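Asker: Okay, handing you the structure first.
The values are calculated or read from the model by the stated rules, or taken from the named source; none is laboratory data. This one's a predicted model, so the numbers in the text were calculated from it and none came from an experiment. Positions of Cβ are backbone-derived with ideal geometry, glycine not excepted, and every protein chain shown enters the neighbour counts.
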Amino acid sequence: SLSDKDKAAVKALWSKIGKSADAIGNDALSRMIVVYPQTKTYFSHWPSVTPGHPDIKAHGKKVMGGLAIAVSKINDLKAGLSNLSQQHAYKLRVDPANFKILNHCILVVISTMFPKNFTPQAHVSLNKFLSGVALALAQRYR
Ligand code: HEM
């Protein structure tokens, strides 16, 4: 689980990248759909799943908003993401394996957009944080 050092590292990283959340969300969602095309099935109600499409941008913004909530509730991710987990489990019916896939895309995008801030320590802590988010989002599936 996340140590105090991890929490501080995630908050420090977020304070630097938070203002680029929309761009990160757009790129991460676009990559997820291109690199893992099986994820497209969840977005078949959109007119287009082309990278950079306004629907992808809008959704990337929502996902990053969810992550911003997670950063603010980093001491209790389970409670902080309980509603979002409920929604993904019962309304959206997203297979939780996909949380790891999107996490990977988010990690790749942050590392390429912010190479200076993406130190090995930041990488470790962000990795742990995103795993915690995936676990918290999966909690309501049973
Ligand atoms: C880091 C992981 C994720 C976070 C923080 C997240 C967050 C969110 C948020 C905040 C919403 C909006 C909920 C609302 O409308 O109240 C949402 C909707 C949605 N999410 Fe996620 N999500 C994540 C991962 C995923 C993954 C991996 C998939 C599928 C591959 C997915 C599929 C969806 C779908 C289909 C919607 C509804 C989209 C629509 O309204 O058209 N999510 N998510």
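Asker: Only residues in region 81-102 that are within 13 Å of ALA70 (Cβ to Cβ) count as the first member; pair them with residues that are of a type in the set (Val, Ile, Thr) and in a helix (DSSP H, G or I), Cβ under 7 angstrom, at least 6 apart or cross-chain, and list the lot.
Answerer: Listed pairs, sorted by first residue: LEU81/VAL133.
Each row is one residue, and each column tells you yes or no for (1) under 27 Å from ARG142 (Cα atoms); (2) modelled with pLDDT under 95; (3) surrounded by 13 or more Cβ atoms within 10 Å (Cβ to Cβ).
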| site | (1), (2), (3) |
| --- | --- |
| SER20 | no, no, yes |
| VAL35 | no, no, no |
| SER44 | yes, yes, no |
| SER48 | no, yes, no |
| GLY66 | yes, no, yes |
| LYS73 | yes, no, yes |
| VAL94 | yes, no, yes |
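Asker: Something else: Give the number of residues within region 75-86 that are surrounded by 14 or more Cβ atoms within 10 Å (Cβ to Cβ) and either in contact with a Phe, Trp or Tyr (Cβ under 9 Å, 6 or more places away or on another chain) or polar (S, T, N, Q) (or both).
Answerer: The qualifying residues number 4.
Asker: Right, another one. Note down all Cβ pairs under 7 Å where the first residue falls in region 124-142 and is within 18 Å of LYS7 (Cβ to Cβ), the second is among the β-branched types (Val, Ile, Thr) and part of a helix (DSSP H, G or I), and they're at least six residues apart or on different chains.
Answerer: Hits for this filter: SER125/VAL10; LEU126/VAL10; LEU126/ILE110; PHE129/VAL10; LEU130/ILE106.
Asker: Of these, GLY25, GLY80, GLY60, GLY66, which one is in contact with a His (Cβ under 9 Å, 6 or more places away or on another chain), of a type outside the set (A, V, I, L, M) and under 21 Å from SER131 (Cβ atoms)?
Answerer: None of the others qualify; the one that does is GLY25.
Asker: What are the residues in region 50-90 that are within 11 Å of the ligand (Cβ to nearest atom) and outside any helix (DSSP H, G or I), if any?
Answerer: Within region 50-90, LEU81 is the sole residue that qualifies.
Asker: Still on this structure: Scanning for something assigned to a loop (DSSP other than H, G, I, E, B) and either among the basic types (Lys, Arg) or closer than 18 Å to LEU130 by Cβ (or both), does region 39-48 turn up at least one residue?
Answerer: no
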